[in-house]
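Written out below as structure tokens is the structure these notes cover.
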Amino acid sequence: MAQITAALVKQLRERTGAGMMDCKKALTEVNGDLDKAVDLLREKGLAAAAKKEGRIAAEGLVEAYIHGGGRIGVLLEVNCETDFVAKTDEFKELVRDICLHIAAANPQYLRVEDIPEEVLEHEKNILRAQALNEGKPEKIVEKMVEGRISKFYKDVCLMEQAFVKDPDVTINDLILEKTAKIGERIVIRRFTRYEMGEGLEKRVDDFAAEVMKEMNR
């Protein structure tokens, strides 16, 4: 059995636009043969998601979610191509799941490119200082910073975060998988998250655990 590396999964994902887990399953099924994995994903209809990127998604839903008796609130807009899909239970469930995820994971931005340059540079300066304080030679510090900044992206960007209901899948993977399954382009357009007393000194609660508990009811 060939070893299915992360690099191979990434390569297949870039070629097909299919979700990470679908790519990994396809590669496992064909013993690591990249071309056969592409064909397999095409046969299953999972390689179609990338081709939908240029299509207009102007329908959809705006969902409101309130957690903990008004302690956290989320407003989310998710778009699709037709009103028909927007009214399906599967699409509604997807939108609600993303709302719950936002409540639990508290992303600050939608995508990496939404991070202000000054915020990104500030974080890189901190990572640079950390590496130097660890005694790392300057010639490799920049490579270390680029490697470590990916964790920052996963902490603050919704599309990069691990889905709270399935940590093996990112929100980006989830959208790609649903796009392939539903057959329409799906786009998370915008979101707002409010937390009661945010910015004020207060006791710390494990909101992620609370939201997960509510999901499992």
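The values are calculated or read from the model by the stated rules, or taken from the named source; none is laboratory data. What you are looking at is a predicted structure, and each value in this text was computed from that prediction instead of being measured. All Cβ positions, even for glycine, are placed from backbone atoms using ideal geometry, and neighbour counts span all protein chains on display.
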Q) In this structure, does A131 turn out to be surrounded by 14 or more Cβ atoms within 10 Å (Cβ to Cβ) and assigned by TED's automatic domain parsing to the domain that holds G197? A) no
Q. Is there a residue in the range 58-70 that is at pLDDT below 85 and either in a helix (DSSP H, G or I) or hydrophobic (A, V, I, L, M, F, W, C) (or both)?
A. yes
Q: Please name all residue pairs, on different chains or six or more residues apart, with Cβ atoms under 6 Å, provided the first residue is in the range 122-133 and is closer than 12 Å to E146 by Cβ and the second residue is part of a helix (DSSP H, G or I) and of a type in the set (K, R).
A: L127/R148
Q.
Being over 10 Å from F163 (Cα atoms) and among the hydrophobic types (A, V, I, L, M, F, W, C) is the filter here; which residues of the range 105-115 pass it?
A. L110, V112, I115
Q.
I want to confirm something. Restricting to the range 88-113 and keeping residues that are of a type in the set (K, R) and modelled with pLDDT of 95 or more, which single residue is surrounded by the fewest Cβ atoms within 10 Å (Cβ to Cβ)?
A. K92
Q. Before we move on, is L158 of a type in the set (A, V, I, L, M, F, W, C), buried (at least 18 other Cβ atoms within 10 Å of the Cβ) and within 24 Å of G70 (Cα to Cα)?
A. yes
(Q) Step by step: first the residues of the range 1-42, then only those that are at pLDDT 80 or above and either of a type in the set (S, T, N, Q) or not in a helix (DSSP H, G or I) (or both), then the one that is surrounded by the most Cβ atoms within 10 Å (Cβ to Cβ). Which residue is that? (A) I4
Q: Six or more apart or on different chains, Cβ under 6 Å: which pairs go from a residue in the range 136-165 that's without any contact (Cβ under 8 Å) to a residue 60 or more places away in the chain and within 17 Å of E123 (Cα to Cα) to one that's of a type in the set (A, V, I, L, M, F, W, C) and surrounded by 12 or more Cβ atoms within 10 Å (Cβ to Cβ)? Could you list them?
A: V141/A131; M144/A131; V145/L127; R148/L127; Y153/V112; C157/V112
